[in-house]
1. When DSSP beta bridges are limited to those with both residues in the chain, what percentage is antiparallel, rounded to the nearest 5?
2. Could you pull out every residue, at least 5 positions away or on a different chain, whose amide H is within less than 5 Å of the one on residue 360? Hs are placed 1.01 Å off N in the peptide plane, and Pro or chain starts have none.
3. For residue 314, enumerate residues with amide H under 5 Å from its amide H, sequence gap 5+ or separate chain, H modeled in the peptide plane.
4. Check which residues have an amide H placed less than 5 Å from residue 424's amide H, if you skip close sequence neighbours.
5. Could you give the size of the charge dipole of the chain about its Cα centre, using +1 on the Cβ of each K and R and -1 on the Cβ of each D and E, expressed in debye and rounded to the nearest 20?
6. Once the dipole of segment 85-148 is set up with Lys and Arg at +1 and Asp and Glu at -1 on Cβ about the Cα centre, which of 123, 147, 106 lies farthest towards its positive end?
7. Considering the values (1) 155; (2) 192; (3) 335, which represents volume of the Cα convex hull per residue in Å³ as calculated for the structure under consideration?
8. Which ³J(HN,Hα) values, rounded to whole Hz and listed in residue order, are derived for segment 358-368 from phi using the Karplus coefficients 6.51, -1.76 and 1.60 in 6.51 cos²θ - 1.76 cosθ + 1.60 with θ = phi - 60°, glycine and proline given as x?
Amino acid sequence: MIDHLIRQERDGGYWLIRAEGRAIELNDAGYRLMACLHETQGLLEGPELRRLAGADMLHNGSGILSQLRTYGLDRPSGWAAVRHVPCDVPSETLPANAVVAPKRIYFEITRSCNLSCRSCFNNSRHALPGELTHQELLDVNRQAYELGVFEIRYTGGECTIVPGFPDVVADARRRGFYVSIGTNGVYTDEQLEWLPHCGIDWFIISLDGDRDTNDAVRGAGTYDRVLNTLKALGNGPSTRIRLNMVVARHNLGSIEAVARVAADNHASSLNLIPLRPYGRSVHQMTWDMFNQEDFYEFIREVNRLRKMFRGVTFSTTIDLLDPEATTSHDLIVQKKTTCAAGVEACVVGPLGHVYGCSYSPASFPDSTDLEGKAVFIAGNLRDDDLRTIWRDSRRWSVFRDLSHYKNAKCHPCGHYQVRCSGSCQIMSWYELKHQRSVAVGEADIKEFLDPYCFRDLLDERGRTADLSALLGGAGMDGFR
């Protein structure tokens, strides 16, 4: 069993604590110490090792020895469960604008689903012709293992209904991945007998409001079946749980109800995903999308609920009022300069395509947006291996070339890289495509700002009360 993974980066490295699903960033000295300890099986000998042990090792400037003691790595016996993945090529040949390998892979193993939710971002219902075979699924696990990927998140569609899925999870656990699933949580009694015990570390379950609100979007009876699943998981092994909620005008008033479900069922976090114009929602729910005013009120509601449910971590996008002033509440991806897509994480689709984000045109094989596919699809595992695809930054320009693809208003914004990872390139793409369809002339993707960004409202209307409370009365001055 692998409990820890040490991975070298172009500069420094990362230490994955598998049981917690947490990756700690190491500076150069920290990585060298961990690599030396792995080589010597935890024996701290010689002047160089003693010197390294006294240095600041973590990227935030703190020491590392207390952390080693916490996890039993101050003893040689603890290092038997540590895997080390050094760089396999000279560092100067690695991407300068991405990590050496994905930290997390969102593995969409099927489009087959037992639901047909109105807000589904990728039109899941029926399997696509030519989906990856069982052996191909296992081979993705293998390639991810060889690269030193930290986490695999199986999703779909509904991943739990894929034949042989327990074997895929067992293979991932054997390889030492942190295993998570994105799931609708609507299970049969038979599934509930094995799912809580099959080795999944983190269940990420969708719930879109109180009973009536949720069932109007996700189908009659789904609310009660999700609560039944949460109860079953609570009675099983200790398992991390997060609720995902797609939010828009129709369910803004139901966020508190979902937060209460999270708190009552020991879910550690609630991820609030603003409705986007992708997939089925384009035809069924576009009118429910927030405008800037709505989004501002949504963020205010999130911060009200943070005070009510202090045991639940709330996360969302463009969270300009977040009191923690962080670009990411995630324990693995950091989103320092942009979203994790194509920089820290990637998607492997059910046909083998590799791309940055499930919301992009890459998700739709039958789409007529050939230009969008060319921009967003980095490759296919049936043609190239994952290592080749990930390390070729030319394939990932839309996510890695921020000077060209990130909206120009983001770079000087005081919230950027503090509370916000910047405008979404995929939302900008959809705005660009819409503009082309209604007007003559060419435009560039970076000219289009995420329509949910409400920074202009804060500026133009002088709405500084929220930020002043966070900054001790400094208002917006500290963000200019």
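1. Values: 16 of 54 bridges.
Percentage antiparallel, nearest 5: 30.
2. For residue 360, whose amide H was placed from the backbone, there are no distant partners under 5 Å.
3. Hits under the 5 Å cutoff: 270.
4. Amide H neighbours of residue 424: 450.
5. On the way: 54 positive and 61 negative charges, 106 e Å.
It works out to roughly 500 debye.
6. The listed residue farthest towards the positive side: 123.
7. (1)
8. Result, ordered by residue: 5, 7, 7, x, 4, 6, 10, x, 8, 5, 8 Hz.
The values are calculated or read from the model by the stated rules, or taken from the named source; none is laboratory data. Not measured: the values here are computed from a predicted model. Glycine gets a Cβ as well: all are built from the backbone with ideal geometry, and neighbour counts include every protein chain shown. The area values use the complete protein model at the heavy-atom level, side chains included, leaving out ligands, DNA and RNA. Shrake-Rupley method; radii C 1.70, N 1.55, O 1.52, S 1.80 Å.
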